[in-house]
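Step one of this worksheet: look at the structure below.
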Amino acid sequence: MEADRYLKLIDQELANLPDYVNEFHLGTNHSITTSYQYLTEIRRFFNWLRETKISNAKSNKEIPTSDLENLRRNDIILYIDLLKNSTNARGKLNSPTSINRSINALRSLFKFLTVTSDNNNGESYFERNVMLKIDSLNNTQTLNYRAHALANHMYRGQMKFDFLEYINNNFEKECDKRALPAFKMNKERDIAIIALILGTGIRVSECANVNMSDLNWKQAMLDVTRKGGQQDSVPIAPWTLPYIKEYADIRKDRYHALKKHQAFFLTLYHGETRRITANSIEKMVKKYSTAFGHPLTPHKLRHTLASELYSITKDQVLVSQQLGQKGTSATDLYTHVDQTIQRNALDEISREQKKEP
C-alpha cells in the first residue's frame, strides 16, 4: 500500500533527526504525505545549519534546540535565498510554491517547539520563534494569468469524454506491443479511475485509498478519507457511474479479488493482488494524457471538476466542499478560469460607449 511506503520513508527520516522532531511528528495532525514532505524539508534545513557552521553538531540527530532558539531572521533569509537559487530534480529553479512548503514546514516545527510542546518541566522547549518574522513568498502571477495557464491543462466539457473514448477505442492502436497485454488487463480499471477523479474531484491519494464499502451505488455517493484522516462523503457525477460499474463487474475475476481485498482499485503484481498506489495512478494518467496529446496530472483532473462545478453553480463554498477543502481561498482560482462574465462586462462597456454621442 502507498501508506506503508510513506510510513517506511517517515521512519527513515525520523531515525536521523532529533527526539524533539519525533515528538513534533507525533504531536501534529498532518496527512501522511505532508508529514513526509515536512520531515524532508526539516532534514534539508538541518543539513544547511551544519554546512554553514550555524550548528556545530556532528549529525542532524545531535542538533540541540538551543541552536534553533538562537537563530536570527537573517539566518532564515539566507536559507530562503539559497532555496531561491537552487534547482530541483528537473534542473529548474525552485518555485515559490516549493519554497513556501519549506517555510511552512519550519513554521510548523517552530510552533510545536515554542507553543505546543510540553517537555519535562511542563513548558515548551523555548519561547523565541524566529519563524514569526518570516513571510511566505508572493506568487508574482495574477489569478487571471494562473487561471489562463490552468485552463490550457484541463479536460473541460466534451474534451474529457473524448479523452475517455480515446483510451477505450484508440490507445490500443498506438500502444507498444510489449505493453499491450498490460493495457488490455487494466483498461477498464484505468478508465474507471480517471472517470472517478473527473466525476468527484478527489485527490489521487484519496482515489487509491477507496475501499469497496466506500461506494454507495444507490445514492451515487463516495465516502472519502481526507487529509489528516477526516471522513467525508461526496456526490459522484452520474455520467461516471457506467465507467465505474464496468470495472466493478470485472474486478473480482480479473484481479483474483477475495473478501480480504477491501481496496476497490486493484493491481496484480507478480501474481499477487494489491491495492493500486497513488504513484501508479500518477504514471498511468501521464501515459494516457501524453499519448492523447495534452499531458496532464491527476491533480489537473481534479481542477477540471472544480472549474466546471463553479462555472455552473458560481458557489465557491459548494466547490470547496466537493474538493474537501476547509475554506474557499483555494477555490479563488476557479472563479477566474471561466472569464465569460469578465468578457461580457467589457463588451457591455464597449456597447455603452458606442451609444454616447
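The values are calculated or read from the model by the stated rules, or taken from the named source; none is laboratory data. If you're wondering where the values come from, they're calculated on a predicted model, not measured in any experiment. A quick note on method: Cβ atoms are made from the backbone with ideal geometry, for glycine too, and the neighbour counts reach across all protein chains shown. Quick note on the areas: whole protein, heavy atoms, side chains included, nothing else; ligands and nucleic acids left out. Shrake-Rupley method; radii C 1.70, N 1.55, O 1.52, S 1.80 Å.
Before moving on, here are some points about what is shown:
- One residue from LEU268, LEU296, LEU323 being within 25 Å of ASN211 (Cβ to Cβ) and in contact with a Ser or Thr (Cβ under 9 Å, 6 or more places away or on another chain): LEU323
- Annotation note: Cβ proximity below 6 Å between a residue of segment 193-222 that is of a type in the set (Ser, Thr, Tyr) and a residue that is open to solvent by less than 50 Å² (accessible area, probe 1.4 Å) (sequence gap 6+ or interchain) occurs for THR200/LEU222; THR200/VAL234; THR200/ILE236; SER205/ALA278.
- Identity of the residue in segment 267-294, open to solvent by 70 Å² or more (accessible area, probe 1.4 Å) and closer than 19 Å to ILE167 by Cβ, that ends up modelled with the lowest pLDDT: HIS294
- Taken together, THR200, THR225 contain a single residue that is closer than 19 Å to THR297 by Cβ and of a type in the set (Val, Ile, Thr), which is THR200.
- Taken over segment 232-266, the criterion of being within 23 Å of the chain's Cα centre (by Cα), surrounded by fewer than 17 Cβ atoms within 10 Å (Cβ to Cβ) and polar (S, T, N, Q) is satisfied by SER233 alone.
- For first residues located in segment 19-44 and within 9 Å of LEU109 (Cβ to Cβ), partners that are among the hydrophobic types (A, V, I, L, M, F, W, C) and not in a helix (DSSP H, G or I) and lie 6+ apart or on another chain with Cβ distances below 8 Å form the pairs ILE42/LEU17.
- Residues of segment 214-231 that are open to solvent by 30 Å² or more (accessible area, probe 1.4 Å), under 21 Å from the mean Cα position of the chain (by Cα) and under 20 Å from LEU309 (Cα atoms): ASP223 alone.
- Selected residue (criterion: modelled with the lowest pLDDT) from residues of segment 144-160 that are open to solvent by 60 Å² or more (accessible area, probe 1.4 Å) and part of a helix (DSSP H, G or I): TYR145
- Tally, over segment 31-63, of residues that are open to solvent by 50 Å² or more (accessible area, probe 1.4 Å) and assigned to a loop (DSSP other than H, G, I, E, B): 5
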